[in-house]
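The values are calculated or read from the model by the stated rules, or taken from the named source; none is laboratory data. Remember, predicted model here, so these are calculated numbers, not experimental data. Neighbour counts are summed over all protein chains in view; Cβ atoms, including those assigned to glycine, are modelled from backbone coordinates with ideal geometry. Surface areas here come from the heavy atoms of the whole protein model, side chains and all, with no ligands, DNA or RNA. Shrake-Rupley method; radii C 1.70, N 1.55, O 1.52, S 1.80 Å.
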Amino acid sequence: MKAREKAYNCLCDIVLGKSYSNLYLRKEINDFSSADKGLITNIVYGTMQNYLYLRYQWEAYVQSDIAADMALLMDMSIYQFLFMDKVPEYAVVNEAVEIAAKKHKGKYKAMINAMLRRFLREGKRPILGDALFQLSIKTSHPLWVVKMWEKQYGYEIAERICLDDQGALALAARVNTCVTSRDEIIAANPDFEKGCLSEDALLYHGGNIADTKEYLTGRVSIQDEASQCVALLVDPQPDESILDMCAAPGTKTCHMAQLMKNEGEIIALDIHEHRVELISNAAARLGLSIIQPWCFDACEINHEYDEESFDRVLVDAPCSGYGVMKRKNDIKVHMQPEDMDTLLPLQAKLLDTAFKMVKPGGVLVYSTCTLNKKENEKQIEKFLGLHDNAQLISQRTIFPYEYNTDGFYMAKLVKAEKA
C-alpha cells in the first residue's frame, strides 16, 4: 500500500472511527520506511491540525452532499498542496483519484479530480467574516470554542491560545530525582537543558526522548512541564499517605513518589485495568516501590477506606482536554460542546469524594488539562460554596503559549482543622 493511501486510511479510522491517534498511528505504520512514516505522520497530524481551514478551502465547490470519507480525502489533498512544498501536485491529484476510484464504486472519482484541479486553478479562498470567525477558520478551532475562550479570557488570550495550538510542542522530560539530578543528566547528554517552569523539568533537542539512554535506564520520564507543576503543588512529603484519584498513566503519581523520596504510601486509582497496568509499569521503570496501583472507581473509594485517611489527595480530573490540542490534534476534530454534560457532574463528584478522604489540615489538589472556566474556576467556586470547611490556598491557569507547554489548571485547597 502506498504511503498516501495509508495516510488516508489512518485518517478515516481516527476521524470517523475515533481511534486514539498516537497509539493507533504508531502501530499502523510500523512496517513502512522512515521516509514513508514521516510522510504519513505529517499528512495525518497536519490534516487534523488544520481541518477546518482545509475544508473551508473546498466546501464551496460542492453543490450536493459528499461522503464523509471523500471529504477527508479532499482535506488531506488540500493539506499537501498548501503545507508540503516538496510534494508534486500531480502526484497528490493522481493518488487521490486512485483512492476515490476504490471507494463507493468510483462514484466520487470524477468529482475529486475536478475539485482538486479547480483548487489548483483558483488558489486559496479568502477568509471572510468577523474576527472570531476568521480566527476559527485560520486556526481550525470550532467557532463555539473560540467564542467560549473570548468570553472567559478575552479576545487577546483566545487568539494567543488558538495561534499557539498551531505550533510544535517542546519535548519535555522529568528527572528521576531518586537516582540522579538535572545537572548530572545535562552533563551526560548535552541535548538536554533545564526547563523553565518546573524545577524537575528538562527540555530535549535530540529527537525522541524514549530512545535516549537516560529514558531507557529510568533516569528520566517523558512529561510536559505544566503537567509537572501539579505534583509540585501537591507537595507530598516523605512518609505521608497520598491518594491519587485518577492516576493513570501514572506520570504525576511517579513524580509525587519521587518528591516523597520513595518513602510513604500512594494509593493510585484508575477505573480501567489496562490503564492501571500503565501505572505499575511506570513505577517499575523508575524503581519506585511506594505506589500501590488499584483498579477501582474513585467515586466509591470512601466505601473502601475510612474517611479522612489521607494527608493529601490529588484529583487530576477527566476533562475536555482543551489545553492539549497542540499535542492531540484529534481533539480538534472530535470536540463537541455537549462533551461537558457528563464531565461536569463527574468532576464535582470526584471533588466531593476526595474531600471526604482528606484528613483535617490536609491538602486537596484539583487539576485539569483543559482551558474552560466551567471545568476549572467555576467548578472550584461551586465546591467551596458547598464545603465551608474548605479553604482555597491558590489556583493557577497555565496557558500553553506562556512556556510552550500544555494548558493546565490547578487549585490547592486545605481542609480546616476540627475545633
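Can you give the FRET efficiency to the nearest 0.05 for E381 and E338, using r as the Cβ-Cβ distance and R₀ = 30 Å? Numbers along the way, then the final one.
Working: r = 22 Å, r/R0 = 0.74.
Plugging the Cβ-Cβ distance into 1/(1 + (r/R0)^6) gives 0.85.
Could you give the size of the charge dipole of the stretch 345-406 about its Cα centre, using +1 on the Cβ of each K and R and -1 on the Cβ of each D and E, expressed in debye and rounded to the nearest 20? Kindly include the intermediate steps, with their values, before the conclusion.
Values: 8 positive and 7 negative charges, 39 e Å.
Its charge dipole is roughly 180 debye.
Send over the Kirkwood Rh of the stretch 281-419, from the inverse of the averaged 1/r over different Cα pairs, rounded to one decimal Å. List each step's numbers first, then the result.
On the way: mean 1/r = 0.0612 Å⁻¹.
Result for the stretch 281-419, one decimal place: 16.3 Å.
Relative to the Cα centre, what is the charge dipole magnitude of the stretch 68-225, using +1 at the beta carbon of each Lys and Arg, -1 at the beta carbon of each Asp and Glu, and rounding to the nearest 20 debye?
Details: 20 positive and 23 negative charges, 245 e Å.
In debye, rounded to 20, the stretch 68-225 gives about 1180.
Under a point spin-label approximation (7 Å from Cα along Cα-to-Cβ), what is the L82-K102 distance to one decimal in nm?
For L82 paired with K102, the spin-label model returns 2.6 nm.
Could you state the principal axis extents of the C-alpha atoms in the chain, from the largest down, to the nearest angstrom?
The Cα atoms of the chain stretch 77, 49, 37 Å along their principal axes.
Place +1 on the Cβ of every Lys and Arg and -1 on the Cβ of every Asp and Glu in the stretch 41-174, take the dipole about the Cα centre, and give the residue among N50, Q152, Q134 whose Cα lies farthest towards its positive end.
The listed residue farthest towards the positive side: N50.
May I ask for the angle, rounded to the nearest 10°, between helix 34-49 and the longest principal axis of the chain, with both axes built from Cα atoms and the value confined to 0 to 90°?
Helix 34-49 sits roughly 80 degrees off the main axis of the chain.
Select from A67, G123, S77 the residue farthest towards the positive end of the dipole of the chain; place +1 on Cβ of Lys and Arg, -1 on Cβ of Asp and Glu, and compute about the Cα centre.
Result: G123, furthest along the dipole toward the positive end.
So with the 1.4 Å probe, I'd like the accessible area per residue for the stretch 21-73, rounded to whole Å².
Details: 2480 Å² over 53 residues.
For the stretch 21-73, the per-residue accessible area is 47 Å².
Report the residues of the stretch 33-64 in range of a label on C12: point 7 Å along Cα→C-beta, backbone N strictly under 16 Å from it.
Flagged as within label range: 44.
For the stretch 117-225, with all protein chains present and a 1.4 Å probe, just round the carbon and sulfur fraction of the accessible area to a whole percent.
C and S atoms contribute 51 percent here.
Considering the dipole of the stretch 199-260 built from charges on the beta carbon (Lys and Arg +1, Asp and Glu -1) around the Cα centre, which of L232, L259, L216 is farthest to its positive end?
It is L216, whose Cα lies furthest towards the positive end.
What residues qualify as long-range amide H neighbours of D316, i.e. H under 5 Å apart, gap of 5 or more or another chain, H built at 1.01 Å from N?
HN-HN under 5 Å from D316: M245, C246, S367.
Could you give me the ³J(HN,Hα) list for the stretch 386-392, computed from phi with Karplus coefficients 6.51, -1.76, 1.60 and θ = phi - 60°, whole Hz, x at Gly and Pro?
9, 9, 6, 9, 9, 10, 7
Rounded to the nearest 500, what is the chain's calculated 222 nm mean residue ellipticity when only DSSP H runs of at least 4 contribute -39500 (n - 2.57) each, over all residues? Intermediate values should be presented prior to the final figure.
Working: 19 runs with 195 residues, N = 419.
Calculated from helices alone, the mean residue ellipticity at 222 nm is -14000 deg cm²/dmol.
Compute the Kirkwood hydrodynamic radius of the stretch 153-262, taking the inverse of the mean of 1/r over all pairs of distinct Cα atoms, and give it in Å to one decimal. Before the final figure, lay out the partial values.
Values: mean 1/r = 0.0660 Å⁻¹.
It is 15.1 Å.
Two decimals is fine: what is log10 I(q)/I(0) at q = 0.11, 0.17 Å⁻¹ for the stretch 38-139, from a Debye sum with one equal scatterer on every Cα and no solvent?
Taken in order of the listed q values, log10 I(q)/I(0) reads -0.32, -0.77.
Take the solvent-accessible surface of the protein heavy atoms, probe 1.4 Å, and return the percent of it on the stretch 12-68 that carbon and sulfur atoms account for. Don't skip to the answer; put the middle values down first.
Numbers: 1430 of 2970 Å².
Carbon-and-sulfur percentage of accessible area, whole number: 48.
Taking all protein chains in place and a 1.4 Å probe, what share, in percent, of the accessible surface of the stretch 262-391 do carbon and sulfur account for?
Details: 2610 of 5550 Å².
Answer for the stretch 262-391: carbon and sulfur cover 47 percent of the accessible area.
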